[in-house]
Amino acid sequence: MTKKILVTGGAGFIGSHLCERLIKAGEDVLCIDNYFTGSKKNVEHLLAHPLFEVMRHDVTFPLYVEVERIFNLACPASPVHYQFDPVQTTKTSVHGAINMLGLAKRVKARILQASTSEVYGDPEVHPQPESYWGRVNPIGIRSCYDEGKRCAETLFFDYNRQHGTDIKVIRIFNTYGPRMNPNDGRVVSNFIVQALRGQDITIYGDGQQTRSFCYVDDLVDGLIRLMGTSHDVTGPVNIGNPDEFTILELASAVISLTGSSSKIVHKPLPQDDPRQRRPDISMADKELSWAPRMKLKDGLVHTIAYFDNLLSDQALRASLNAD
Ligand SMILES: NC(=O)c1ccc[n+]([C@@H]2O[C@H](COP(=O)([O-])OP(=O)(O)OC[C@H]3O[C@@H](n4cnc5c(N)ncnc54)[C@H](O)[C@@H]3O)[C@@H](O)[C@H]2O)c1
């Protein structure tokens with residue numbers, strides 16, 4: 001049976017893939033977004049679909065709609081964007097969670113929160129299981145995002161304990177793929193754009209810090225599986241790819257797959273940048289029978305093709321404007 005599903009932040013990178021997948025599954029999707037980091041272009045191909053509707057709305061304001069499921073993804077996700085207006089970032093996480101939980105309570109909808117591995121901060125435990133409480137700086141430049149997301153988790157669990165709201169919390173680790181914003185400074189998009197333009201590839205620090213990269217299709221699969229679990233499965237559940245790579249290894253893979261002549265240059269590490277990040281995904285395996293399927297190299301090939309197209313379009317537009 002078709003369900004009415006609300007996706008907040010649906011015009012963003014992950015949100016647009018989720019909307020697409022839900023529509024393919026025959027669900028009725030209402031996408032809301034304030035287009036701070038997302039774009040209408042990300043959902044342009046869905047606009048004519050009878051099961052898809054999009055609305056400009058900021059989650060820091062209440063919303064009155066009739067839905068059965070809510071995926072709460074609205075929040076800028078990259079440091080350049082969430083540090084642009086840090087007060088607004090905290091409001092988006094905290095007021096956004098209150099407004100969407102209020103909606104879920106009113107209409108008795110099931111609600112899923114897109115939380116983040118950043119709730120673990122700069123971890124002393126490696127890999128990070130969901131039981132680890134994290135090591136987060138509450139007053140640093142990343143705190144608006146990290147603490148905003150932590151507070152949103154608190155609100156989700158209090159709505160569950162206090163009002164019986166049907167909640168799901170997913171902790172997303174580094175995700176990449178087509179439709180990432182080319183200007184958001186995230187490592188995968190940065191490296192690909194720099195390599196395709198033949199510019200120097202910037203590595204912050206010595207490049208020995210590690211990250212794990214999950215392809216967006218695998219993540220969306222995890223989101224949908226968690227939403228489909230019974231009332232007693234609340235999470236938090238880590239979703240990410242446990243294969244760990246150094247930033248230097250990622251840069252080398254991008255250079256080799258793009259055939260670029262770019263050189264690697266090093267810059268100082270930003271404040272509170274974690275040294276290591278890798279999910280423990282045993283809970284996702286147990287509760288959702290989920291594991292990532294896409295290998296980094298294959299995912300990079302898809303992502304490079306997307307950015308290659310995007311940059312050619314932009315170059316074409318710039319040349320047309322210059323004429
Ligand atoms: N991409 C990742 O690696 C990653 C990792 C951990 C967590 N997440 C979480 O997943 C979610 C989606 O991330 P993404 O990578 O797609 O980022 P994104 O920036 O592409 O998407 C976020 C979307 O939310 C919208 N938005 C921001 N503030 C809003 C507001 N106040 N009201 C309505 N819409 C608003 C943006 O315009 C954008 O479309 C975020 O909540 C993010 O914190 C992402």
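Being within 10 Å of L6 (Cβ to Cβ) and open to solvent by less than 70 Å² (accessible area, probe 1.4 Å) is the filter here, so list the residues in the stretch 58-69 that pass it.
Residues of the stretch 58-69 within 10 Å of L6 (Cβ to Cβ): 63, 65-69.
Scanning the stretch 58-69 gives L63, V65, V67, R69.
Looking at the stretch 4-52, which of its residues are within 16 Å of the ligand (Cβ to nearest atom) and among the charged types (D, E, K, R)?
Those that are within 16 Å of the ligand (Cβ to nearest atom) and among the charged types (D, E, K, R): E20, R21, D33, K40, K41, E44.
Which members of the stretch 161-188 meet the condition of being farther than 24 Å from A97 by Cα, modelled with pLDDT of 95 or more and more than 10 Å from the ligand (Cβ to nearest atom)?
Answer for the stretch 161-188, where residues must be farther than 24 Å from A97 by Cα, modelled with pLDDT of 95 or more and more than 10 Å from the ligand (Cβ to nearest atom): just P178.
In the stretch 72-100, what residues are in contact with a strand residue (DSSP E or B) (Cβ under 9 Å, 6 or more places away or on another chain), within 7 Å of the ligand (Cβ to nearest atom) and not aliphatic (A, V, I, L, M)?
Listed by number, the residues that qualify are C75, G96.
Among (1) more than 15 Å from the chain's Cα centre (by Cα); (2) within 15 Å of the ligand (Cβ to nearest atom); (3) in contact (Cβ under 8 Å) with a residue 40 or more places away in the chain, which single condition is Q194 missing?
(2)
I need every pair where a residue in the stretch 209-226 that is under 16 Å from I5 (Cβ atoms) has its Cβ under 8 Å from the Cβ of a residue that is surrounded by fewer than 23 Cβ atoms within 10 Å (Cβ to Cβ) and of a type in the set (S, T, N, Q), sequence separation at least 6 or different chains.
These pairs meet every condition: R225/S289.
Please pick out the residue among I32, I5 that is of a type outside the set (F, W, Y) and over 25 Å from N183 (Cβ atoms).
None of the other options fit; the residue is I5.
Anything in the stretch 186-206 that is crowded, with 17+ Cβ neighbours inside 10 Å and outside any helix (DSSP H, G or I)? List them, or say none. Give the derivation first.
Filtering the stretch 186-206 down to residues crowded, with 17+ Cβ neighbours inside 10 Å leaves 186-196, 201, 203.
If the condition is that a residue be crowded, with 17+ Cβ neighbours inside 10 Å and outside any helix (DSSP H, G or I), then R186, I201, I203 are the ones that fit.
V107: within 12 Å of V7 (Cα to Cα) and open to solvent by less than 60 Å² (accessible area, probe 1.4 Å), yes or no?
Taking the combined requirement at face value, the residue does not satisfy it.
Name the residues in the stretch 1-18 that are in a strand (DSSP E or B) and surrounded by 24 or more Cβ atoms within 10 Å (Cβ to Cβ), would you?
If the condition is that a residue be in a strand (DSSP E or B) and surrounded by 24 or more Cβ atoms within 10 Å (Cβ to Cβ), then I5, L6, V7, T8 are the ones that fit.
Only one residue in N72, N34 is under 18 Å from the mean Cα position of the chain (by Cα), of a type in the set (S, T, N, Q) and surrounded by fewer than 22 Cβ atoms within 10 Å (Cβ to Cβ), so which one is that?
Values: N72 fails: surrounded by fewer than 22 Cβ atoms within 10 Å (Cβ to Cβ).
The match here is N34.
Could you please give the count of residues in the stretch 19-29 that are part of a strand (DSSP E or B) and open to solvent by less than 20 Å² (accessible area, probe 1.4 Å)? Step through it out loud before you land on a result.
Residues of the stretch 19-29 part of a strand (DSSP E or B): 28-29.
Narrowing the set further to residues that are open to solvent by less than 20 Å² (accessible area, probe 1.4 Å) leaves 29.
Residues meeting the conditions: 1.
Considering only the stretch 256-279, I want to know if a residue exists there that is closer than 19 Å to H17 by Cβ and assigned to a loop (DSSP other than H, G, I, E, B).
Scanning the stretch 256-279, I find no residue that is closer than 19 Å to H17 by Cβ and assigned to a loop (DSSP other than H, G, I, E, B), so the answer is no.
Taking the residues in the stretch 111-156 that are within 15 Å of N99 (Cα to Cα) and open to solvent by 30 Å² or more (accessible area, probe 1.4 Å) as candidates, determine which candidate is farthest from the ligand (Cβ to nearest atom).
T154
The values are calculated or read from the model by the stated rules, or taken from the named source; none is laboratory data. This structure is a prediction, so every number in the text was calculated from the model and none was measured. Counting neighbours? That spans all protein chains shown, and the Cβs are built from the backbone with ideal geometry, glycine included. Accessible surface is based on the protein model in full, side chains and every heavy atom, while ligands, DNA and RNA are left aside. Shrake-Rupley method; radii C 1.70, N 1.55, O 1.52, S 1.80 Å.
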